[in-house]
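Q: Input: one structure, supplied below.
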Amino acid sequence: MASRKRSTVIAQGAFSFVDSGGRAYHSPFLRRKWGDFDRTGEPRILTANETSQAAAMTRTASVAAGPEAVPPPRPPFGGRSIVLVGLMGAGKTTVGRRLAARLGIPFVDADSEVEAAAGLPIPEIFATHGEAAFRDGERRVIARLLHGGPQVLATGGGAFVDADTRARVAARGISVWLSADLDTLMRRVGRRPTRPLLRQGDPRATMERLMRERAPFYARADIALTTGEGPHDEVVDRLAALLEPYR
């Protein structure tokens with residue numbers, strides 16, 4: 001993998017990068033934390049010296065451990081992330097936090113990670129740079145986060161629509177589609193009037209359209225579960241049972 005180095009600011013709030021082959025990379029809105037977006041977690045190619053050192057360390061550790069060494073326990077879910085997908089208001093964050101506590105693994109919210117990396121709240125990213133720029137950053141952040149399993153990872157409503165993200169989730173995660181009926185979704189999102197996609201036009205009509213457009217993509221998830229209006233702990237109980245075969 002070609003190494004990258006930071007070059008000059010090409011626009012206010014944007015950086016470009018040039019790799020050793022002279023190719024430039026840039027983003028319309030990533031600031032000092034470009035690296036948070038750009039670290040996709042793909043394995044870095046080791047140099048010959050690094051490969052030699054790694055082999056030597058492995059041999060030393062093997063000798064030190066001896067014949068009675070016990071292999072480390074297998075991580076939960078094979079180290080994969082439990083990736084929650086679905087529309088805004090489906091309960092990904094609320095259910096995700098409780099599920100993570102139940103399973104004893106970390107909870108990570110992709111939207112919060114995007115905001116931390118960009119240095120901006122999501123509504124400002126949409127307003128200033130547009131949805132396409134947000135989706136690009138979201139894709140990169142999720143690619144990086146997927147290498148942090150096992151964990152419960154809540155994603156934004158449009159994340160699973162992206163083909164690259166779906167492929168990465170399939171390779172490194174267990175996808176769970178959380179859904180709810182339209183009335184339930186509207187009641188829930190009404191408590192947070194900051195949703196960028198619902199701030200223009202008729203919010204209910206927008207939600208109906210998103211349900212139609214995104215359902216075929218959500219349906220590709222490994223597990224599907226309706227959250228409804230019942231207690232969140234009941235949803236967590238049902239989801240934990242559905243996840244048991246994946247352990």
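Q: For segment 217-247 and segment 100-116, compute the distance between their C-alpha centroids and round to whole Å.
A: That distance is 17 Å.
Q: Sticking with this structure for a sec: What percent do you get for the relative contact order of segment 157-247 when only Cα pairs under 8 Å and 6+ apart count? Intermediate results must be reported in sequence, preceding the final value.
A: On the way: 54 pairs, mean separation 38.1, N = 91.
About 42 percent, as a whole number.
Q: A further question follows. To the nearest 0.05, what FRET efficiency results for ALA127 and TYR246 with a Förster distance of 35 Å applied to their C-beta separation? Write out the running numbers ahead of the final one.
A: Working: r = 39 Å, r/R0 = 1.12.
It comes to 0.35.
Q: How many nm is it between the label spots at ARG209 and MET186, if each spot is 7 Å from the Cα in line with the beta carbon?
A: Inter-label distance under the simple model: 1.6 nm.
Q: Calculate the FRET efficiency for ALA163 and ASP233 from the Cβ-Cβ distance with a Förster distance of 35 Å, rounded to the nearest 0.05. The partial results should precede the final answer.
A: On the way: r = 35 Å, r/R0 = 0.99.
For ALA163 and ASP233, the calculated efficiency is 0.50.
Q: In nm, to one decimal, how far is the modelled label at ASP202 from the one at ASP222, with both set 7 Å along Cα→Cβ?
A: So the label points at ASP202 and ASP222 sit 3.9 nm apart.
Q: Among ALA143, PRO203, ILE223, pick out the residue whose Cα is farthest towards the positive end of the charge dipole of segment 119-247, where Lys and Arg carry +1 and Asp and Glu carry -1 on C-beta, about the Cα centre.
A: ALA143
Q: While we're here: Give, as ranges by residue number, the residues of segment 171-188 whose backbone N falls under 18 Å from the point 7 Å along Cα→Cβ of ARG97.
A: Answer for segment 171-188: 188.
FYI, it's all coordinate maths here, none of it is from the lab. Keep in mind it's a predicted model, so treat the numbers as computed, not measured. All Cβ positions, glycine included, derive from the backbone under ideal geometry; neighbour counts span all protein chains shown.
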